[in-house]
Amino acid sequence: CTSVSEASPTSVWEALAMGKPVVTTNVGSVSQYISNGDSGFIVPVGNVDELVEKITCLIRESILRKKFSDS
């Protein structure tokens, strides 16, 4: 989720409900439901480099994808 302003990003909740790993910007209430680095990645709004880094990390790290999916 790359939103710059949102109260409650539905796409994040849908992904979590489907057991998908999540990389999202820090908008709305995401930090109440995702523990950064433990159950997903939360990056600062507008930080494209970190967003790319975290997505790439999940692509490369199957164990981390599984960990986030099981959280």
If you go through region 15-32 one residue at a time, how many are in a helix (DSSP H, G or I) and either buried (at least 17 other Cβ atoms within 10 Å of the Cβ) or among the β-branched types (Val, Ile, Thr) (or both)? 3
Any residue in region 41-55 that is within 22 Å of Asp70 (Cα to Cα), more than 10 Å from the chain's Cα centre (by Cα) and open to solvent by less than 80 Å² (accessible area, probe 1.4 Å)? no
Condition first: open to solvent by less than 20 Å² (accessible area, probe 1.4 Å) and of a type outside the set (A, V, I, L, M). Now tell me which residues in region 1-14 satisfy that. Pro9
Can you tell me how many residues within region 56-66 are free of Cβ contacts under 8 Å to residues at least 24 places away in the same chain and either in a helix (DSSP H, G or I) or open to solvent by less than 30 Å² (accessible area, probe 1.4 Å) (or both)? 7
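The values are calculated or read from the model by the stated rules, or taken from the named source; none is laboratory data. Please read these numbers as outputs of a predicted model, since none were measured by experiment. Because the Cβ atoms are built from the backbone with ideal geometry, glycine has one as well, and the counts that use them run over all protein chains shown. These accessible areas exclude ligands, DNA and RNA; they are computed on the full protein's heavy atoms, side chains included. Shrake-Rupley method; radii C 1.70, N 1.55, O 1.52, S 1.80 Å.
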